[in-house]
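Please see the structure below; I have some questions.
The values are calculated or read from the model by the stated rules, or taken from the named source; none is laboratory data. Given the structure is predicted, the values throughout are model-derived calculations rather than measurements. Accessible surface is based on the protein model in full, side chains and every heavy atom, while ligands, DNA and RNA are left aside. Shrake-Rupley method; radii C 1.70, N 1.55, O 1.52, S 1.80 Å.
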Amino acid sequence: MIMEKKEQTIFAHAGSKINTDREIDIITRVEEPLIVVLDNVLSNEECDELIRLSINKMQRSKIGSTHDVNELRTSSSMFFEESENELIAKVEKRVSSIMNIPIEHAEGLQILRYTPGQEYKAHYDYFSSSSTIAKNNRISTLIMYLNDVEQGGETLFPKLNLSVTPKKGMAVYFEYFYNDTDLNELTLHAGAPVITGEKWVATQWMRKQKIR
Ligand SMILES: O=C(O)CCC(=O)C(=O)O
Ligand SMILES: [Fe+2]
């Protein structure tokens, strides 16, 4: 039997903790592709504040007529500017050390809000290699849950039969920068429809090269 060597990962944390300005707990790992469930990524106060800061902007963007009408994703969304305020700067710094990628590679933090019936259908976070944007493609994702969802709203990885239940302050990390494209394709994921309650997430995407 040929033992294939495991591919190098970006995420390099061993053990059960990651020390940033906060002690993050590693709860679950899938090895290839690497998918890590993390707890204690954001405090309750930070979650509440991220929602509070973005709720106005989503309302504003509605007035500005940029209503989200997309089949793939029915939630509403907004992006924070880089280091837009003290909290964003702090979260970006923490996220950069969790993801083990310098902050210069980070896109603006995205906030998504799902109400009952809203979902994000199965997709890849990276751009198809035919697009120009793929020259500096995304390489990894951190999805942070900003609230508890009463029912539904799981993050699903259909090719891995994996379901992550949203829980306030927790996060799911995954990367898709493998040489083996089959591994990247296994990161197909979806936000299941919310059934009861609301779902709020903050997503951080990292790029291969600097963008700021
Ligand atoms: O809401 C979720 O669970 C998934 C979000 C997601 O896939 C994304 O932001 O890229
Ligand atoms: Fe995604």
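If I fit a long axis through the Cα atoms of helix 44-63 and take the longest principal axis of the Cα atoms of the chain, what angle between them do I get, 0 to 90°, rounded to 10?
60 degrees
Among the aspartates and glutamates, which fall within straight-line cross-link reach of LYS93, defined as a Cα-Cα distance under 15 Å, with same-chain neighbours fewer than 8 residues apart omitted?
ASP21, GLU23, GLU46, GLU81, GLU82, GLU84, GLU104, GLU107
Once ligands and nucleic acids are excluded and a 1.4 Å probe is used, how much of ASP25 is accessible, expressed in Å² to the nearest 10?
Ignoring ligands and nucleic acids, ASP25 comes out at about 40 Å².
At a 1.4 Å probe radius, carbon and sulfur cover how many percent of the accessible area of the chain?
Values: 5430 of 10760 Å².
Roughly 50 percent, rounded to a whole number.
Please find, in a Gaussian network model of the chain (springs between Cα atoms separated by less than 10 Å), the residue of THR155, THR141, THR28 whose mean-square fluctuation is greatest.
Maximum among the listed residues: THR28.
Report, in degrees rounded to the nearest 10, the 0 to 90 angle that the Cα long axis of helix 86-99 makes with the longest principal axis of the chain.
Once rounded, the angle reads 20 degrees.
Right, next: Would you give the gap between the C-alpha center of the stretch 98-150 and the C-alpha center of the stretch 153-212, rounded to a whole Å?
Measuring centre to centre over Cα atoms gives 7 Å.
Just to confirm, what accessible area per residue do you get for the chain at 1.4 Å probe, in whole Å²?
I get 51 Å² per residue for this part.
Before anything else, pin down the relative contact order of the chain: Cα pairs under 8 Å, at least 6 apart, normalised by residue count, whole percent. Display every interim value, and only then the final one.
Working: 436 pairs, mean separation 56.6, N = 212.
Relative contact order comes out at 27 percent.
Another question about this same structure. For each pair in LYS135/LYS167; LYS159/LYS210; LYS6/LYS208; LYS121/LYS208; LYS121/LYS168, compute the distance between the two Cα atoms and list the pairs where it is over 29 Å.
The answer is LYS135/LYS167; LYS159/LYS210.
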